[in-house]
Each structure stands twice: as C-alpha cells, then as structure tokens.
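Following: one structure in structure tokens, then a few remarks.
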Amino acid sequence: MNRNTITVIIIFVVVLLLALSPLFLLNDAEFTGSDDAGSQMVESISGETGEAYEPWFTPVLETLIGGELPGEAETLFFCIQTGIGVSIIAFCFGYLVARKKYSES
C-alpha cells in the first residue's frame, strides 16, 4: 500500500472513533438544544416574577394565515432557508475557485 493510502485510512479511523465515542462514553447525557434552554430560562424568570410570559411579536406567516403553522410547514421553510444559504455559499466558493483558475491562464 501507498504511504498516502495508509495516512488516509488512519485519519478515517481516528475521525470515526471521535464521532462514535460520545455514544459510548456519555450514556446518561441529555442532548437538548437552545430552544429548550431558552424556554427553561423564560419559565424560571416567569416563576420568579409571577407574571405570565407574553411574546414581543407574532410571526408574519402566523398573522397572515390566522393561526399557528403546522410542523411540516416550519420544517419546509427551514429546509428552503438552508438550501438558499448553502447555494449562496457554494456559489461564492465556486466563484473564488474559478476566478483563481482563470486568472492564471
């Protein structure tokens, strides 16, 4: 085997071990997101003051349709935003690579 092939295999094994180690080392860990942390903070502040939490604004789409969006619609909008963001980043990287490639010619 080639020296580069061995290096790639070693790096792949190390990355795989790093990716899988939390599954075995952190058995009782709770993986929660920032939404959970934010809602817990709001509840603790509301509990201290005794006042109910009132949102500062309502989302534009909820105002337009007159109710809360279904979970599937929220997921769809999130995926569309992700696709737009990735497209912009990919275009910028492609532009930078092509600019360098064609400026050398």
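Throughout, read-outs are computed from the coordinates displayed, never taken from laboratory work. Remember, predicted model here, so these are calculated numbers, not experimental data.
Compactness of the chain is given as radius of gyration and Dmax, 23.8, 70 Å, from Cα positions. Computed from phi, the 3J(HN,Hα) profile of the stretch 13-19 under the Karplus parametrisation 6.51, -1.76, 1.60 (θ = phi - 60°) reads 5, 5, 4, 4, 5, 5, 6 Hz, with x in place of Gly and Pro.
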